[in-house]
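The structure appears below as structure tokens.
The values are calculated or read from the model by the stated rules, or taken from the named source; none is laboratory data. Note that this is a predicted model, so its numbers are computed, not measured. All Cβ positions, even for glycine, are placed from backbone atoms using ideal geometry, and neighbour counts span all protein chains on display. Quick note on the areas: whole protein, heavy atoms, side chains included, nothing else; ligands and nucleic acids left out. Shrake-Rupley method; radii C 1.70, N 1.55, O 1.52, S 1.80 Å.
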Amino acid sequence: MQTELAAFIRDTPEGREAEAILRKCVHCGFCSATCPTYQLLGDELDSPRGRIYLIKQALEGAPVTERTRLHLDRCLTCRSCETTCPSGVQYGRLADIGRSVVESRTTRSLWDRCKRAALGYVLPRTLLFGAALRLGQLVRPVLPRALRVKVPPPSGPVGAWPAPRHDRKMLALAGCVQPALAPAINAAAARVLDRLGISLIEAPAAGCCGALRFHLNDQDGGRDDMRALIDAWWPQVERGKIEAIAMTASGCGATVHEYVHVLAQDPDYRHKAARISLLVRDLSEVIAAEAPALEKLLAGDARRTRVAFQSPCSLQHGQQVHGEVERLLAKAGYELSPVADAHLCCGSAGTYSILQPDLSMQLRARKIAALEAGGPQMIATANIGCLVHVQAGTTVPVRHWIELLEEALEE
Ligand code: SF4
Ligand code: SF4
């Protein structure tokens, strides 16, 4: 795509990156077929190609309006379009650059600004979010149904975290909302890895990966969170004792993979960011690499529950991890039920379910219909946001796949 970027961005690193991405796009429109918002709304400007065109115009200096921002706000950043694109257009990177420009040239309503500020303040603060959640859980029984389904019930027992005893060590991220919503996930990962000869440890000061604020268009705040997380991890990484950073939430994993790009212009952090991005792996990749040890621990022919796997966008599109969890669950004896249109987003997408509730609910209803079509007794996923979002719309239990794998090991 021929571009003529405006002087304000042409000679900046962002301008050069955006121009290189825009030049790759041949305007074929293949990506529209797999874009969830285009499927729902049928408007070209709510398709990847349309949004790329809007961003191109904004970067070329054309007037930017609230309509421009609305079409970008409606994008889930699911990156399904990246998986589909035959030309390798990095839509997610372009969207980050375009959103930053559009945000700086438009003014949101006071209500919108307050909502975004409150989300950006509360969600990344683990203690504050935990306190708010506990309060919500206390009054949950008397809440109207519409509100009650938004507050997940208290999680079950967490279980013990094994003491570090192996030479092989990996870092885990507790994250910002997961410790309050489902603290059992990381503990289950630690126990499974312990049995595979790997000690999983959490850095005490580690907090949010930065995704929440970054995708609320507070990109500077998001970068601050990323730097703080790098600082928390760095002593362990620098000592060279850490083999990998094993992510139990694919949303955080996809974000940490991007540190190398997002902090590329920061002279103090770019090298550290590159190292961190190289170390990060989804938990399913980590465990799949231990297949021989895992097979020894699994009972051969056990037949277990019928499970539908909801593959989060951040896993399949953001990190290009395909089929790994399904193979692990099948190896553990679970029967995988088929899921149609598995490439489509469930509508969770960070704070999207709060900021774009109508589209989010429509996508969730479609996703749940696809997940339930095969009659599963359980739904498994790999990301805390998807887990809570999907669970609020179905009576089928939704759990992280590592908990199912651990149950298979325990039998
Ligand atoms: S599929 Fe790729 S090249 Fe084609 S319009 Fe979409 S982004 Fe552009
Ligand atoms: S990221 Fe997802 S919602 Fe956004 S344009 Fe691409 S496919 Fe559509």
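The set of residues from segment 317-340 being β-branched (Val, Ile, Thr) and open to solvent by 20 Å² or more (accessible area, probe 1.4 Å) comprises just one member, 339. Looking across segment 67-86, the residues that are among the hydroxyl-bearing types (Ser, Thr, Tyr) and more than 14 Å from ligand 1 (Cβ to nearest atom) come down to 68, 77. Mind listing whichever residues of segment 373-409 are of a type in the set (Val, Ile, Thr), assigned to a loop (DSSP other than H, G, I, E, B) and touching a residue at least 12 places away in the same chain (Cβ under 8 Å)? 394, 396 - these are the residues of segment 373-409 that are of a type in the set (Val, Ile, Thr), assigned to a loop (DSSP other than H, G, I, E, B) and touching a residue at least 12 places away in the same chain (Cβ under 8 Å).
Within segment 26-44, the set of residues being within 8 Å of ligand 2 (Cβ to nearest atom) and of a type in the set (A, V, I, L, M, F, W, C) comprises 31, 35. Regarding segment 195-216, can at least one residue be identified that is under 30 Å from residue 395 (Cβ atoms) and not in a helix (DSSP H, G or I)? No. Here residue 95 meets each of (1) within 16 Å of ligand 1 (Cβ to nearest atom); (2) open to solvent by 50 Å² or more (accessible area, probe 1.4 Å); (3) among the aliphatic types (A, V, I, L, M) with one exception, condition (2).
If the condition is being part of a loop (DSSP other than H, G, I, E, B), closer than 25 Å to residue 197 by Cα and at pLDDT 90 or above, then segment 291-321 contributes only 321.
For segment 45-55, taking the residues that are more than 8 Å from ligand 2 (Cβ to nearest atom) and open to solvent by less than 70 Å² (accessible area, probe 1.4 Å), the one that is farthest from residue 90 (Cα to Cα) is identified as 45. Among the candidates 203, 189, the residue that is closer than 20 Å to residue 125 by Cβ, surrounded by 18 or more Cβ atoms within 10 Å (Cβ to Cβ) and in contact (Cβ under 8 Å) with a residue 24 or more places away in the chain is uniquely 203. Within segment 22-38, restricting attention to residues that are in contact with a Ser or Thr (Cβ under 6 Å, 6 or more places away or on another chain) and assigned to a helix (DSSP H, G or I), the residue that is most open to solvent (accessible area, probe 1.4 Å) is 30. Touching a residue at least 24 places away in the same chain (Cβ under 8 Å), hydroxyl-bearing (Ser, Thr, Tyr) and within 25 Å of residue 397 (Cβ to Cβ): does that describe residue 155? Yes: the conditions hold for residue 155. Residue 141 passes every criterion in (1) surrounded by 14 or more Cβ atoms within 10 Å (Cβ to Cβ); (2) under 30 Å from residue 182 (Cα atoms); (3) not basic (Lys, Arg) apart from (1).
Within segment 144-183, the set of residues being modelled with pLDDT of 95 or more and open to solvent by less than 30 Å² (accessible area, probe 1.4 Å) comprises 170, 171, 172, 173.
Counted as qualifying within segment 76-160 are the helices (runs of 4 or more DSSP H) with 2 or more residues that are within 16 Å of ligand 2 (Cβ to nearest atom) and in contact with a Ser or Thr (Cβ under 8 Å, 6 or more places away or on another chain), namely 80-84, 91-105.
Residues of segment 128-148 that are in contact with a helix residue (DSSP H, G or I) (Cβ under 9 Å, 6 or more places away or on another chain) and either under 22 Å from residue 249 (Cβ atoms) or not aliphatic (A, V, I, L, M) (or both): 128, 129, 130, 131, 132, 133, 134, 136, 140, 141, 148. Among the residues making up segment 63-75, those that are within 11 Å of ligand 2 (Cβ to nearest atom) and charged (D, E, K, R) are 73, 74. Taking every residue in segment 23-34 that is on the phi > 0 side of the Ramachandran plot and pairing it with any residue that is more than 7 Å from ligand 1 (Cβ to nearest atom), at least 6 positions away or on another chain, the pairs with Cβ-Cβ distances below 8 Å are 27/1; 29/47. Here the condition is being touching a Lys or Arg at 6+ places or on another chain (Cβ under 6 Å) and more than 16 Å from ligand 1 (Cβ to nearest atom); of 89, 64, it holds for 64 alone.
When every residue of segment 239-249 is checked against the conditions, none turns out to be free of Cβ contacts under 8 Å to residues at least 40 places away in the same chain, among the acidic types (Asp, Glu) and open to solvent by 20 Å² or more (accessible area, probe 1.4 Å). Only one entry in 363, 344, 336 is hydrophobic (A, V, I, L, M, F, W, C) and over 18 Å from the mean Cα position of the chain (by Cα), namely 336. Is it the case that some residue within segment 109-130 is touching a Phe, Trp or Tyr at 6+ places or on another chain (Cβ under 8 Å) and open to solvent by less than 20 Å² (accessible area, probe 1.4 Å)? There is no residue in segment 109-130 that is touching a Phe, Trp or Tyr at 6+ places or on another chain (Cβ under 8 Å) and open to solvent by less than 20 Å² (accessible area, probe 1.4 Å). State whether one or more residues within segment 273-290 are part of a loop (DSSP other than H, G, I, E, B), within 17 Å of the chain's Cα centre (by Cα) and either within 16 Å of ligand 2 (Cβ to nearest atom) or of a type in the set (Gly, Ala, Ser) (or both). Within segment 273-290, none of the residues are part of a loop (DSSP other than H, G, I, E, B), within 17 Å of the chain's Cα centre (by Cα) and either within 16 Å of ligand 2 (Cβ to nearest atom) or of a type in the set (Gly, Ala, Ser) (or both).
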